[in-house]
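A short worksheet on the structure shown next.
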Amino acid sequence: MTADPMKRLRDLAQSTGDPPPRIAYHDPTKPPDDWVPSVPPLPRAGSAVVRRLSEVRPEEVSWLWPQRIALGKLTMLAGDPGLGKSFVSLDLAARVSAGLPWPDLPSESNAPGGVVLLSAEDGLADTIRPRLDAAGADPSRVVALEAVRTITE
């Protein structure tokens, strides 16, 4: 067994004819075709990753939507069915992709950014795209994550 986990994954991919596994990092101010792939090292299974807080330098929060949605942080919309979670999500996606102002800051312009959509319920062609179009989105800046390929030995 190979000690380097990335070499092991590359060897496995090569033996199956698949491209090596990659993770894409995306600059939200550029369209999706400007993604830069890189291959970070994989951690050892079962190992804890810790950091002493004295080594952490405090920093200000960067906001996508000021005081509501932070950049680079997890934001979740949760609630019962029919309350408008999909509607709000697609409105946010349209505003980010087209650089439209936030509802409570109509006079402040925003730079357009990239959007990654994950949807387990709505169809791309009959629901998501028409709603994005109606909200004024720039569909060239929106990608939908449809699946994740797995590597099996």
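The values are calculated or read from the model by the stated rules, or taken from the named source; none is laboratory data. Because the structure is a prediction, the values reported are computed rather than measured. Heads up, the Cβs are rebuilt from the backbone with ideal geometry, glycines too, and the neighbour counts pull from every protein chain shown.
Going by what's in this entry, would Ala94 be described as surrounded by fewer than 12 Cβ atoms within 10 Å (Cβ to Cβ), at pLDDT 95 or above and part of a helix (DSSP H, G or I)?
no
Out of (1) surrounded by 12 or more Cβ atoms within 10 Å (Cβ to Cβ); (2) at pLDDT below 90, what's the single condition that is false for Ser86?
(2)
Taking the range 53-72 only, how many residues are under 21 Å from Leu100 (Cα atoms) and assigned to a loop (DSSP other than H, G, I, E, B)?
Counting residues in the range 53-72 that are under 21 Å from Leu100 (Cα atoms) and assigned to a loop (DSSP other than H, G, I, E, B) gives 6.
Tell me the residue from Ala93, Ala98, Ala111 that is touching a residue at least 40 places away in the same chain (Cβ under 8 Å), at negative phi and touching a Leu at 6+ places or on another chain (Cβ under 7 Å), please. Please lay out each step first, then the result.
On the way: Ala98 fails: touching a Leu at 6+ places or on another chain (Cβ under 7 Å); Ala111 fails: touching a Leu at 6+ places or on another chain (Cβ under 7 Å).
It is Ala93.
Quick check on the range 123-150: of everything there that is in a loop (DSSP other than H, G, I, E, B) and farther than 13 Å from Ala94 by Cβ, which residue is nearest to the chain's Cα centre (by Cα)?
The residue in question is Leu145.
Considering only residues that are modelled with pLDDT of 90 or more and of a type in the set (Asp, Glu), which ones fall in the range 33-69?
Glu55, Glu59, Glu60
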